[in-house]
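Worksheet: one structure, shown below.
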Amino acid sequence: MLTSTTKVVASCPSRVNRLIRRCSAGHGASGCLLFLVLGFVLLWAHQAVASSDGVQKPRDYGYFDFPTCVSYALVHSDSFVRNRLDIQIRSADVKDAHAELFPTIQLLTRYYFNRAGQNTTDDPNWAPPKNRFNVQVFMQNWNPFLALIKIQSGGVLVDIAKISHLDRISEDVANMAKLFHRVQTLEKSIQASKQLVALHRNKVSYGKNKDEQGTVDPIGLQVWMTTLRAQELKVKDLERELQEKTGSLKILMSYNPDMGLPLDTRDAANQILTGFNGRFVTFADIQGGNLRLKIMAKREQVQSQRVLGSYVALLPRPVLVFEQIQNEVDRSSGMNFAMGLDYTIWDGFARVRDIKRQKMVARQLNIDRRQYSERLYVTFRQLKATLDVSGEREALVREQAKLSELSEERAFLQYKSGAIGYDYYMDRRIDTVQAQLNALAVVQERVAALIDLATMAGGLTKYNASIRY
């Protein structure tokens, strides 16, 4: 009998076990009977309260953990496909620039149904030529110097497209991570809020029973009923937000919005961060890994090539003429070949002004990059401060939750001894569940700051090997 009772009591929550050990400590054989009686009483009370609190069965988790969500998005996301197409377009532009190193050969053919002619010999028997077919082969002007600049600029533009693609992926993964963790927080918040609803409902039922006996303040009962309705509305708001966040996650993943998304949100923070705490991230790491800073530096490089191109526009352009003429009206048939230079003598100093214009654009890009770097530094300091404060806040919330549990245990003993009423004990139970909700909010703030910090340093992929792309 003692063995079976001990096993049953050991299955109760930790606070009940602590009470049993506290009550049985320091007693000998006479304490065994007290231990058994107290164990049965606490076990019965815990089961009664748990059943009234609406404790739910453990939920079944789905297939989509965070790495799986990212992998699905990389394959199906329309925005990622669009970025990959942009890379291919830029690569095609580079091939066009390589082709401009060689002159363009053009072939023109004509067939004259009627050809005008002129008799310059005063021959009465003269007639227009009967050959009506004409062929011309010639080379158009080309600028190999400008083509070389386009090749260099095109290669940098391809790099910009690739980095922009990675930056878009990094941004979407960060948003997915925040949504994924928010879904987990909402699931836990809904579960805890439903417990609060059950506790408030028990409290209202207790108040109605007391009201029938005339031993409760009617205004106080109305306050309890209003609090119950407010808590029920809060549960509905949380459920609506859960649907919205899940829908937003589906959009980022390009998942069918009409289908259910079976998420596995267990230990969501570890799925996302894999132990990353941000302690060893410095601003030098941010400057070296930030993707947008790299894009801005590449744009400055492209602009420097445009400045060089504006100087090249001042130089004479080489001209290559190659024509093969056959049966053209008013021109002699044969081949023409010539080489030379083409130079614009007067254009109203438009080329000179273009040089100044391109230099000013280069200065603007440099200023933009420095300003963005300064904003990054400010954000970096804010995130570091948030992480420091959130660590202290988590410790405080954990301590408050522990004190709430101890206060609930004491109130439970006082309620069983008749020292306090059931409503006071319910208040302590409500305080314990509310402390758990406060802990969830603090953890979410820290996780969001860590996600932003990892994204600034180059993306979550640098710190989570399971989501590399």
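Where a number appears in this text, it was derived from the coordinates with a stated rule and is not lab data. Because the structure is predicted, anything quoted here is derived from the model rather than measured. Virtual Cβ from ideal backbone geometry, glycine too; neighbours counted across all protein chains shown.
Here are the numbers for this structure:
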{"quantity": "Surrounding net charge for L460, when Lys and Arg each add one and Asp and Glu each subtract one, Cβ distance under 12 Å", "calculated": "0"}
{"quantity": "Rg/Rg_globular for the range 61-467, with Rg_globular taken as 2.2 N^0.38 Å and Rg from C-alpha atoms", "calculated": "1.74"}
{"quantity": "Residue-count net charge about I163 - beta-carbon cut-off 11 Å; Lys, Arg +1, Asp, Glu -1", "calculated": "+4"}
{"quantity": "Length gained when the stretch S407-R370 is fully extended (0.36 nm per residue, less Cα-Cα span)", "calculated": "7.8 nm"}
{"quantity": "Simple spin-label estimate for T104 and K356 in nanometres, 7 Å along Cα-Cβ", "calculated": "3.3 nm"}
{"quantity": "Cross-link pairs beyond the 29 Å C-alpha cut-off, checked among K298/K356; K234/K462; K384/K462; K188/K210; K210/K234; K294/K359", "calculated": "K234/K462; K188/K210"}
{"quantity": "Summed side-chain charge close to F145 - residues other than F145 whose Cβ falls under 12 Å, Lys, Arg +1, Asp, Glu -1", "calculated": "+1"}
{"quantity": "Among G421, V397, G289 the positive-end extreme of the charge dipole of the range 61-467 (Cβ point charges)", "calculated": "G289"}
